[in-house]
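Data first, discussion second: the structure below is written as structure tokens.
The values are calculated or read from the model by the stated rules, or taken from the named source; none is laboratory data. Note that this is a predicted model, so its numbers are computed, not measured. Counting neighbours? That spans all protein chains shown, and the Cβs are built from the backbone with ideal geometry, glycine included.
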Amino acid sequence: MEPIRIGIIGMGGFAGWHHNTIARLEERGLAKLVCTCDPNAAAFATEQQNWRLAQRGVCVFPDYRQLLGACRRELDLLVVPTPINLHAEMHRAGIEAGIAVYLEKPPTLDYAELETMITLDQKAKKSTLVAFNFIVEKPRLALKQRLLNGEFGAVTGARLMAHWPRPADYFRRSAWAGRLMMNARVVLDSCFGNANAHFVHNMLFWLGQGGLSSWAQLSSVRAELYRAHAIEGADTFFVQALTQAGQTMRFAVTHACAGQASHMETVICENAEIRYAVGGHAEVRWRDGRNERIEVGGFDGLTENHLAYHRYLRGEAERPATSLVDSRPFVMLNDLSHVSSGRITPFPAERLTWARDEKEQKVYSNVAGMSGAIDRFLEHGTWPGADWGREPGALVTTADLPRFHDTVRQMLAATTR
């Protein structure tokens, strides 16, 4: 079996994780890193030594266009772990060069740009992978199949809680962190659209009814967006969506918190409730009082996504784990959440405190009453706006997507005034 020949765009940030992963796969004879690039490659001299790029014969370029110009005929796969606002142009360059593309999530957070990418991808020899890491987990796939088989009765809804602390300097890590737009292009970096996008996408996967590789389709969305940090975008999302199958989904996702990170995916069925925690365990709580525990355990999402996509490229699998088309409900949900909310509401000053973690030497925000607000929203659909100084978000549908770009521009104008 010939190794998959790979080019990676970038060295910093999450691209470094890809370099480490590909190096391990190369040791197993499953992959070969042919080339990489970075506009500031000299700043990663130590990393290049640790990755042994010179010894492995890896070509290094200052720009992805030079990389493709020199190496396009040698590559099976182009890995794109770059900022969100660069994904579309780099995806296009890879497809036009005749190379399969491994695109980090999210593919884009602009529904119109996504449609352009989908159209382009239809011309590709191999469909692009959008790397929402946890779709390929075997326990998840087994539970999804049980849902489809009707073992738990009708699926009536789902809930996501993601309490995911981020210090203030997290939003200074790059020029695009927490941004709504850059250079007139949509970015929308947020807890919902980027950092916890895996979990949001997972919930749509659970409720997909068109087979194992299916995602729920949206009927309507209502949302309230908030911020504690001094950023353009939102760091807290309360979102409720109704699917075309009549299922109710609720999402409570925040970076405006301190303490231990936690998340829980809950699927509500007629005869049972399924709770799933990545890296931990799943639990089926039957209505008749039985409890079923399923170990999920450690999972190397990056390695498993590469291997799964490599199988597809070799013709051993019918499709990538998540395609650009499969990403459509996620992107629409994110965009409609902004349209529904209409504005990003700062948390009331009297509710907001800041605390320094002496061990980490970092400062975290804390919103009084956040945990209770999350619980009430997820369990009962009680919106927090009455306590946090805003009106409920509007009920919107996919027919409201054309309002998206104007809404984002209005949010940005309100932030920069």
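What are the residue pairs meeting all of these: first residue in segment 369-391, first residue surrounded by fewer than 16 Cβ atoms within 10 Å (Cβ to Cβ), second residue in a helix (DSSP H, G or I), Cβ atoms under 9 Å, and 6 or more apart or on different chains?
369/351; 369/387; 369/388; 382/373; 382/376; 387/351; 387/373; 391/385
Select, from 154, 142, 97, the only residue that is out of contact with any strand residue (DSSP E or B) (no Cβ under 6 Å at 6 or more places or on another chain) and under 21 Å from residue 38 (Cα atoms).
97
Results for (1) among the basic types (Lys, Arg); (2) over 17 Å from residue 131 (Cα atoms); (3) touching a strand residue (DSSP E or B) at 6+ places or on another chain (Cβ under 8 Å), shown as yes or no for each residue.
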position: 1; (1), (2), (3): no, yes, no
position: 10; (1), (2), (3): no, no, yes
position: 23; (1), (2), (3): no, yes, yes
position: 29; (1), (2), (3): no, yes, no
position: 66; (1), (2), (3): no, yes, yes
position: 70; (1), (2), (3): no, yes, yes
position: 102; (1), (2), (3): no, no, yes
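Taking the condition surrounded by 17 or more Cβ atoms within 10 Å (Cβ to Cβ), of a type in the set (Ser, Thr, Tyr), out of contact with any Leu (no Cβ under 8 Å at 6 or more places or on another chain) and assigned to a loop (DSSP other than H, G, I, E, B), does residue 82 pass? Explain how you work it out, then say what you get.
Details: surrounded by 17 or more Cβ atoms within 10 Å (Cβ to Cβ): yes; of a type in the set (Ser, Thr, Tyr): yes; out of contact with any Leu (no Cβ under 8 Å at 6 or more places or on another chain): yes; assigned to a loop (DSSP other than H, G, I, E, B): yes.
For residue 82, the condition - surrounded by 17 or more Cβ atoms within 10 Å (Cβ to Cβ), of a type in the set (Ser, Thr, Tyr), out of contact with any Leu (no Cβ under 8 Å at 6 or more places or on another chain) and assigned to a loop (DSSP other than H, G, I, E, B) - is met.
Sort out for me the strands (runs of 3 or more DSSP E) sitting completely within segment 299-391 that have 1 or more residues that are hydrophobic (A, V, I, L, M, F, W, C) and over 24 Å from the mean Cα position of the chain (by Cα).
Answer list for segment 299-391: 352-357, 362-367.
Is segment 66-79 home to any residue that is outside any helix (DSSP H, G or I), over 28 Å from the mean Cα position of the chain (by Cα) and of a type in the set (S, T, N, Q)?
Checked segment 66-79: no residue is outside any helix (DSSP H, G or I), over 28 Å from the mean Cα position of the chain (by Cα) and of a type in the set (S, T, N, Q).
Any residue at all in segment 408-415 that is outside any strand (DSSP E or B), on the phi < 0 side of the Ramachandran plot, more than 25 Å from the chain's Cα centre (by Cα) and surrounded by fewer than 14 Cβ atoms within 10 Å (Cβ to Cβ)?
Yes - at least one qualifying residue is present in segment 408-415.
Among 267, 278, 253, which is in a loop (DSSP other than H, G, I, E, B) and on the phi < 0 side of the Ramachandran plot?
Result of the check over 267, 278, 253: 278.
What residue, of 268, 294, 274, is over 30 Å from residue 407 (Cβ atoms) and in contact with a His (Cβ under 9 Å, 6 or more places away or on another chain)?
294
Answer with yes or no whether residue 159 is within 21 Å of residue 200 (Cβ to Cβ), outside any helix (DSSP H, G or I) and under 20 Å from the mean Cα position of the chain (by Cα).
Values: within 21 Å of residue 200 (Cβ to Cβ): yes; outside any helix (DSSP H, G or I): yes; under 20 Å from the mean Cα position of the chain (by Cα): yes.
Criteria met by residue 159.
For the structure I just gave you, tell me whether residue 57 is more than 21 Å from residue 309 (Cα to Cα), surrounded by fewer than 13 Cβ atoms within 10 Å (Cβ to Cβ) and either under 27 Å from the mean Cα position of the chain (by Cα) or in the same structural domain as residue 105 (by TED's automatic domain parsing) (or both). Steps first, answer last, please.
Numbers: more than 21 Å from residue 309 (Cα to Cα): yes; surrounded by fewer than 13 Cβ atoms within 10 Å (Cβ to Cβ): yes; either under 27 Å from the mean Cα position of the chain (by Cα) or in the same structural domain as residue 105 (by TED's automatic domain parsing) (or both): yes.
Considered against the rule, which asks whether it is more than 21 Å from residue 309 (Cα to Cα), surrounded by fewer than 13 Cβ atoms within 10 Å (Cβ to Cβ) and either under 27 Å from the mean Cα position of the chain (by Cα) or in the same structural domain as residue 105 (by TED's automatic domain parsing) (or both), residue 57 comes out as yes.
From the list 48, 55, exactly one residue is of a type outside the set (D, E, K, R), free of Cβ contacts under 8 Å to residues at least 60 places away in the same chain and part of a helix (DSSP H, G or I). Which is it?
Only one candidate passes the filter, namely 48.
Restricting segment 266-316 to residues that are over 21 Å from residue 159 (Cα atoms) and among the aliphatic types (A, V, I, L, M), which is surrounded by the most Cβ atoms within 10 Å (Cβ to Cβ)?
302
Which pairs turn up if I take residues in segment 212-239 that are in the same structural domain as residue 147 (by TED's automatic domain parsing) and look for partners that are part of a loop (DSSP other than H, G, I, E, B) and of a type in the set (Val, Ile, Thr) with beta carbon separation below 9 Å, at least 6 apart in sequence or on another chain?
213/322; 215/322; 218/397; 219/397; 220/397; 221/397; 232/187; 233/187
Matching residues to (1) over 18 Å from residue 238 (Cβ atoms); (2) not small (Gly, Ala, Ser):
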{"site": "350", "(1), (2)": "yes, yes"}
{"site": "370", "(1), (2)": "no, yes"}
{"site": "391", "(1), (2)": "no, yes"}
{"site": "399", "(1), (2)": "yes, no"}
{"site": "415", "(1), (2)": "yes, yes"}
